[in-house]
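Trainee: Below is the structure I would like to discuss, written out as structure tokens.
The values are calculated or read from the model by the stated rules, or taken from the named source; none is laboratory data. Computed from a predicted structure; not experimentally measured. Counting neighbours? That spans all protein chains shown, and the Cβs are built from the backbone with ideal geometry, glycine included.
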């Protein structure tokens, strides 16, 4: 019974996700679903991206959180439209939540929409939102074994950002081993080691986004 209920929930979510996708397509909008565990650096990466590409693209953010609006307040300081979805305890965003949020956005005025998912390495991988790309963020303090522990999250992602490389040597994280484990799950996964604190490696991430938007 639980399996059937879950299947029904996922099928309903996929239907609304397709509708979201059609809406994004009509507006020529590139949509990124950012997924990570709490503290990996989703908001920090978004801040850096809004700063680095603000002169090239019109960007907006939908951010999901269980309770607070702290992330939305941080991102709103960068002069882009930001909408906070408080999930009320849900550990992930769903397509229906995104659909309702889109009513408050001028989609014609955007080139890229970032969706900052709830911090979780399990549930967000199950729920498509209508996005062009899912991007997973892994921070070095979490350890290099996460691809093997949470394979679905990595398999569903189009790119992997390895954040906090400025801490390499101070934490137990083997960068080469992390890449090898991720590529074992998804051989063509784009991987970007970087530091949101120092800025190292950010340009490669920016270039990937530029190419993704251009090829849409």
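Trainee: Would you be able to say whether some residue in segment 117-127 is free of Cβ contacts under 8 Å to residues at least 60 places away in the same chain and in contact with a helix residue (DSSP H, G or I) (Cβ under 9 Å, 6 or more places away or on another chain)?
Mentor: Scanning segment 117-127, I find at least one residue that is free of Cβ contacts under 8 Å to residues at least 60 places away in the same chain and in contact with a helix residue (DSSP H, G or I) (Cβ under 9 Å, 6 or more places away or on another chain), so the answer is yes.
Trainee: Determine the pairs where a residue that is farther than 16 Å from residue 175 by Cα, located within segment 146-161, has a partner that is part of a helix (DSSP H, G or I) and at pLDDT 95 or above with Cβ atoms under 8 Å apart, the partner being 6 or more residues away or on another chain.
Mentor: Partner pairs satisfying both residue conditions: 151/185; 155/185.
Trainee: Looking at 41, 60, 28, which one is crowded, with 20+ Cβ neighbours inside 10 Å and on the phi > 0 side of the Ramachandran plot?
Mentor: 41
Trainee: Tell me, yes or no, whether segment 49-59 has at least one residue that is at pLDDT 95 or above, within 15 Å of the chain's Cα centre (by Cα), part of a strand (DSSP E or B) and within 26 Å of residue 214 (Cβ to Cβ).
Mentor: yes
Trainee: Take segment 89-125 and flag every residue that is under 14 Å from residue 23 (Cα atoms), surrounded by 16 or more Cβ atoms within 10 Å (Cβ to Cβ) and in contact with a strand residue (DSSP E or B) (Cβ under 7 Å, 6 or more places away or on another chain).
Mentor: 98, 101, 105, 110, 111, 112, 113
Trainee: Right, something else. Is there any pair with a first residue in segment 186-207 that is part of a strand (DSSP E or B) and a second that is surrounded by fewer than 17 Cβ atoms within 10 Å (Cβ to Cβ) whose Cβ atoms are under 9 Å apart and which are 6 or more apart or on different chains, and what are they?
Mentor: 191/183; 192/204; 193/168; 193/175; 193/200; 193/204
Trainee: Right, next: What do you reckon, is residue 178 farther than 25 Å from residue 27 by Cα and crowded, with 19+ Cβ neighbours inside 10 Å?
Mentor: yes
Trainee: Still on this structure, I have one more. Hey, can you tell me all the residues within segment 22-48 that are under 30 Å from residue 201 (Cβ atoms) and in a helix (DSSP H, G or I)?
Mentor: 24, 42, 43, 44, 45, 46, 47, 48
Trainee: Can I ask one more? Within segment 136-144, identify whether any single residue is surrounded by fewer than 16 Cβ atoms within 10 Å (Cβ to Cβ) and either at pLDDT 95 or above or assigned to a strand (DSSP E or B) (or both), and answer yes or no.
Mentor: yes
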